[in-house]
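The values are calculated or read from the model by the stated rules, or taken from the named source; none is laboratory data. Predicted model only: the values in this text are computed from it and were never measured. Every residue, glycine among them, receives a Cβ derived from its backbone with ideal geometry; neighbour counts consider all protein chains shown.
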Amino acid sequence: MTTATASPLLEAHGLTKRYGDTLALDTLHLSVGAGEVYCLLGANGAGKSTTISCFLDFVRPDAGSAMIGGTVVAQDPIGTKRRLAYIPETVMLYGNLSALENLEYFATLATGGRPVRAELAQHLRTAGLTDAQLEQRVGGFSKGMRQKVGIAIALAKGADVLLLDEPTSGLDPKASNEFHRLLGLMRDRGAAVLMATHDLFRAKESGTRIGIMKAGRKVAELRADEIGHADLEQLYLTHMHD
Amino acid sequence: MRELMAFEWRVLRRERTLWLVLAVFLGLGAHASASGARFTGERRAAIAELTTEQRARLDSIAALMPQLDAGTVSVPSFLDPRMPAIAGRGAAAQYAILPPGPLAALSIGQADVQPFWAQVTTRTKQTFFVNDEIENPARLLAGRLDVAFVILVVFPLLVLALTFDVVAGERERGTLALVLAQPVEPRRVLGAKVGLRALLVAGMAIALSIGAAVATGLPVSDAQTVLRLIAWSGVVLLYGAFWFSVALFVNARRLSAAASAVALLGAWLLVVVVLPALAAAAISVTHPVPSRIVLTTQLREATDAAAERRQDAVATFILDHPGAVSDSGALSDPLVQAVALQDAAERTMAPHYAAFDAALDAQRRAAERFRLLSPALVVQGALLDLSGSGEHRFRHYEQQFDRYHQAWRETFTARMLRRERLNPASLAALPDWTFVEEDWDTLGARLAPGVLMLLGLVLAIGVPGWRALDRAARTA
Amino acid sequence: MLRTIASKEYRELLRDGRFRWAGSIVAGLLLVAGLAGFTAWREQAAQRDAAQATMQATWFNQPSKNPHSAAHYGLWAFKPQMTLAFVDRGVDPYTGTASWLEAHRMNEFRFRPAMDATAAQRFGEWTAAGVLQQLIPLLIILLGFSAFAGERERGTLRQLASLGVPTATLLRGKALGVTAALAVLCVPAAVLGTVVVTMSSGASGLLRLGALSAVYLAYFGVILTVTLVVSARARSARAALVTLLALWAANGLLVPRVAADVAQAAFPTPTAREFQAQVQRGLATGIDGHSPSGARADALRDSVLRANGVSSVASLPFNYDGFSMQRGEEHANEVYAHYFGQLWDRFGQQDRAQLVGAVVAPVIAVRFLSMGIAGTDFGQHRAFAEQAEAYRQEFNRVMNNEIRDRARADESFSYQADSTLWRSIPAFTYEAPSLGRALATHTVSLVALGAWLVLAALLVGRERRIEVA
């Protein structure tokens, strides 16, 4: 397992976001380095998605800053987005376009140039789609297949930062397993991954570090290799109860 | 930008409903063009027939006159075309024809309920200004599916169908988040979406206008027609721009696609149905259509009164035409007496006619004001005006007609009182009817307020709409 | 269970801001249209009654004159309207409202009110019938499009199905709920209509109002059923809305216009010039085209002389001019009856051809029935025109016979009659066809609307299964 480098690719400095009376994020600090997979655990509404949204500039923090590669996201949203890939729970694509056409579109948006089709096809294959599936319209694609297109987008951009929002919920065990294999691949290529998830097992398996969030705050952070499955579950439940 | 638009087109063109909607739209446009072409074709045929009939009749009279003079032929005196009273009452009467408007095939408008020709005689206008074309009233009630109708009613629906979910659709399908996660200005993506649709809308507006013009065989080599067609296309574009900006505005409200469809449908109903209904009700209440029934009874009473005071009528007539009476015999001529009676009746009727016309003019002016209540009515007025099937061109015709009728009567009254006999030369010297189209200044002045209002609305709704949409599209 | 479903649907709709807005707008337009229609109707009725009385008086009060001059003097007949015309003006704005009755010729109707109105009014004006035919269906669609599709999207349909509610009950319950919501708008309108009609035309008006209500109820029932069935089968609420709106536009805006165009193309009417030429030819040469008027006149004179055994018309025991003028009138009457009859039959053919469109657009059938009941359809216009024509023929006959019987041979056109003669002809009154006779001309429309109702019932009956997801 690779270790985190000195300069983190993803960094949150005292991120704070308020929606009316609700504090969605409360001075959150975290950092993820290259080759690191940081898993955010927490109940629904704990602030996991808001954290990811801050890195995407979907949400502007009221205080603090989200940084990618040392650049503050809010100051250069376009520049920072060049380096990242985003995979939501369900990767929604244009149903009437084929997988390749979808990728072509997003790659064009991502790079500003005209991508080479053969390369795109190769990325889709790397992500695990068969040749027949490349030309199929994605309207009938399963969640897992869509996720593969999402990974292919990340590959096509050459993203070194991955933001994953509950990517495996609702996937069957085989698809979930396959996704984590791909995640491992990205990590090994030196990507920094921030993943919000409910899956304690996968967090332990694929994560390098795990943060537990509650009511907008990070209440615990630990290294995945320092804790067993049972302990993690126990720790999680303890935090949820008090 | 071009590439983004190309992608957008790729997504859009795979929507089967788009093609269905387009096909229906084009089908309606084709039907409307065909129907307009048939309508103007029939009108032109009728006019050609009238012109031929008139030429033949005048030629035969001109040929008959020398024969009558020479005594080789004789006709009863009440058929003698040399008598001014006889010639003016029918034999030499000319048709005052209102030709189909410059873009008539595009809009039938009011043309199917207005007379388009009249045989002008020396008699009172009420007796001959009545030539309605035969038409099943159920069809008049159903209304015409002409190009103007397709533009006014169907075109907005097409614009709305194309634009109601520019952002909401992407948001609901979830693709917006993925797009926004890319290193590209959201404005550029939005610009591609909006721009492509704007191009499509503009293209359809132009295609429908020009296409219909070509399909209906308008003389596109004629400068007047081309100018009008350009103005027409401009109005249609502006109307499209209006609906487009309404759609942008509603899109920026961050409603769901279904809610924004309902909201836009509401806007369509408001502009195309509700506001015009209110405007029409306002016109009817403030300026009711003056009653021709009342006018008819007034005319009858005036005629009866003139007949009762025959002596007065004739005396007044002589005083009105000093020096014109060549000899006292003219006064005992029953034809002269008839003219004198008609004159007396018309004198009594003059204030009634004036009041009637004033009421109609006031109603038309009010209609121009109330039109401004709804962009659809503004556009309807402009399209009808440009095509020449509205009430203004008809009124313009009626005014020229009245002047012509006046001239016709004066020339015949003078000849009758002088007991002149007409000959082929004087026949040729009779006033000729030619219809002069309204000049551009008058037309432009009438169109300007509506067009400016529409332009103002496009800016007032479109600019903030675009800004708000730009902001709304930044968040998934 | 039915009541529970219906009352839930009803409550939900009444609380929906969209319905309240749309309902108020439609109710407002109905009220404006009804009020404007009624005031215009009352004013026109007063004008027409006054004008008809004046016309009749001018006829009765003619000074002594030659009967043929009196026939030329003639009079106008103005078409009266039933009270319900304020709901549905029908074809009246397009047929003209006045007919000039004179010697020798049968005139076409004049003064189409539509001619003097502005284009803005023709585009924008709504009669109460227009609101009922077009806007209430739109309201029904707004009320019902999400009845099933919306519940399916929210997942509540799955819940309902799991409780064991039969599909038919669900459908009927929802229909009942929407009907109740609609009744909030329609019942006051109907009550208002009843009050107005009772006050101005009594029991016969009420019978017609009842028939009119029945037609519109049937129409609304059809629209409601189609709406619910589409909602039950659509993939999403959005798809249901789009489908229903397309159907609405086809029904109200497009198909009637296209049907009218197609009917005209299939059964063309002559142009006004052609028609006049036909009539002139008929007058000159007879309907068969083989009896030129000069020859006919000669033959008539010869036969009359022979029958009376005299050699000149002066020796006849009656005035020959009066006699032959009446013969001329009778010939003209026949010619006019023939060609106008042909033209009007053609309109009837076109109307029936338009009804083919009712396969897609029930509004076409409803429109004809509504006009028929309101007394403003073409059939009743024709009835008026025929009665006015009969009156014209009658006074011409009386005038000519007066000359025939009273005038000496040399005073055909100088013989004077006085007002006793003018007054011997009763004033013109129009006897409107009964409701039954008016409806008899619309059997095709009745059948079409009936067929739609049956189809609606079948659709409801067949809806056994509604997909829950």
Task: Residues that are farther than 20 Å from C:Lys79 by Cα, facing another protein chain (nearest Cβ under 7 Å) and in contact (Cβ under 8 Å) with a residue 12 or more places away in the chain, drawn from region B:281-308 - done: B:Ile283
TODO: Return a yes/no flag: does region C:275-283 have any residue that is in contact with an Asp or Glu (Cβ under 6 Å, 6 or more places away or on another chain), facing another protein chain (nearest Cβ under 10 Å) and either surrounded by fewer than 17 Cβ atoms within 10 Å (Cβ to Cβ) or in a helix (DSSP H, G or I) (or both).
DONE: no
Task: Evaluation of C:Val262 against (1) surrounded by fewer than 23 Cβ atoms within 10 Å (Cβ to Cβ); (2) under 30 Å from C:Gly173 (Cα atoms); (3) of a type in the set (Val, Ile, Thr) (one fails), failing number - done: (2)
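Matching residues to (1) in a loop (DSSP other than H, G, I, E, B); (2) over 14 Å from the mean Cα position of the chain (by Cα); (3) farther than 26 Å from A:Leu28 by Cα:
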residue	(1), (2), (3)
A:Arg146	no, yes, yes
A:Phe179	no, no, yes
A:Phe201	no, yes, no
A:Ile210	no, no, no
A:Lys218	no, yes, no
A:Asp231	no, yes, no
TODO: Take the residues in region A:106-120 that are free of Cβ contacts under 8 Å to residues at least 24 places away in the same chain, touching an Asp or Glu at 6+ places or on another chain (Cβ under 8 Å) and surrounded by 14 or more Cβ atoms within 10 Å (Cβ to Cβ), then tell me which one is farthest from the other protein chains (Cβ to nearest Cβ).
DONE: A:Arg117
- [ ] May I ask you to verify whether B:Ala277 is among the small types (Gly, Ala, Ser), at pLDDT 85 or above and more than 30 Å from B:Leu373 (Cα to Cα)?
- [x] no
Task: Subset of region B:405-430 [more than 21 Å from B:Leu341 (Cα to Cα) and not small (Gly, Ala, Ser)] - done: B:Arg421, B:Leu422, B:Asn423, B:Pro424, B:Leu427, B:Leu430
- [ ] Counting only residues that are touching a residue at least 40 places away in the same chain (Cβ under 8 Å) and under 30 Å from B:Ala63 (Cα atoms), give me the helices (runs of 4 or more DSSP H) lying completely in region B:363-476 with at least 2 of them.
- [x] B:391-417, B:424-428
TODO: Please verify whether region C:203-212 includes one or more residues that are part of a helix (DSSP H, G or I) and under 17 Å from C:Pro137 (Cβ atoms).
DONE: yes
Task: Members of region C:12-70 that are aromatic (Phe, Trp, Tyr) and either in contact with a His (Cβ under 8 Å, 6 or more places away or on another chain) or within 19 Å of B:Leu269 (Cβ to Cβ) (or both) - done: C:Phe19, C:Trp21
Open item on the list: Going residue by residue through region C:69-90, is there one that turns out to be over 30 Å from C:Glu402 (Cα atoms) and either charged (D, E, K, R) or surrounded by fewer than 17 Cβ atoms within 10 Å (Cβ to Cβ) (or both)?
Closed with: yes
Task: Sole exception among (1) surrounded by fewer than 23 Cβ atoms within 10 Å (Cβ to Cβ); (2) closer than 22 Å to C:Ile364 by Cβ; (3) not small (Gly, Ala, Ser) for C:Val226, by number - done: (1)
- [ ] Give region C:426-448 a look and list any residue that's under 30 Å from C:Phe323 (Cα atoms) and surrounded by fewer than 16 Cβ atoms within 10 Å (Cβ to Cβ), or say none.
- [x] C:Pro426, C:Ala427, C:Thr429, C:Tyr430
Task: Of residues in region A:48-105 being surrounded by fewer than 21 Cβ atoms within 10 Å (Cβ to Cβ) and of a type in the set (Val, Ile, Thr), the one farthest from the other protein chains (Cβ to nearest Cβ) - done: A:Val72
- [ ] Write out, first by first residue and then by second, each pair whose Cβ atoms fall under 6 Å of each other, whose residues are 6+ apart or on separate chains, and whose first residue, in region C:44-62, is more than 9 Å from chain B (Cβ to nearest Cβ) and at pLDDT 90 or above while the second is outside any helix (DSSP H, G or I) and surrounded by fewer than 17 Cβ atoms within 10 Å (Cβ to Cβ).
- [x] C:Gln56/C:Ala427
- [ ] Report, by residue number, each residue of region B:36-74 that is closer than 24 Å to B:Arg139 by Cβ, touching a residue at least 12 places away in the same chain (Cβ under 8 Å) and in contact with a Lys or Arg (Cβ under 7 Å, 6 or more places away or on another chain).
- [x] B:Ala46
Task: In region B:372-393, the residues that are within 15 Å of the chain's Cα centre (by Cα) and within 9 Å of chain C (Cβ to nearest Cβ) - done: B:Leu377, B:Gln380, B:Gly381, B:Leu384, B:Ser389, B:Gly390, B:Glu391
TODO: Mind listing whichever residues of region B:49-84 are assigned to a helix (DSSP H, G or I), under 20 Å from B:Asp333 (Cβ atoms) and out of contact with any Leu (no Cβ under 8 Å at 6 or more places or on another chain)?
DONE: B:Leu68, B:Ser77, B:Phe78, B:Leu79
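A quick yes/no check of all residues on (1) modelled with pLDDT of 90 or more; (2) away from every other protein chain (no Cβ under 12 Å); (3) within 16 Å of the chain's Cα centre (by Cα):
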position: B:Leu64; (1), (2), (3): yes, yes, no
position: B:Leu68; (1), (2), (3): yes, yes, no
position: B:Val75; (1), (2), (3): no, yes, no
position: B:Ser107; (1), (2), (3): yes, no, yes
TODO: Please work out which residue is modelled with the lowest pLDDT, limiting yourself to region A:184-199 and to residues that are within 21 Å of A:Leu28 (Cα to Cα) and not hydrophobic (A, V, I, L, M, F, W, C).
DONE: A:His198
Task: Residue count, region B:85-131 (criterion: closer than 17 Å to B:Ala45 by Cβ and part of a loop (DSSP other than H, G, I, E, B)) - done: 10
Task: Residues within region C:251-269 that are more than 8 Å from chain B (Cβ to nearest Cβ) and assigned to a loop (DSSP other than H, G, I, E, B), tallied - done: 2
- [ ] Run down C:Glu108, C:Glu153 and say which single residue is modelled with pLDDT under 90, over 21 Å from the mean Cα position of the chain (by Cα) and at the interface with chain B (Cβ under 10 Å from one of its Cβ atoms).
- [x] C:Glu153
TODO: Take region C:23-34 and flag every residue that is more than 9 Å from every other protein chain (Cβ to nearest Cβ) and either of a type outside the set (Ser, Thr, Tyr) or outside any helix (DSSP H, G or I) (or both).
DONE: C:Gly23, C:Val26, C:Ala27, C:Leu30, C:Leu31, C:Gly34
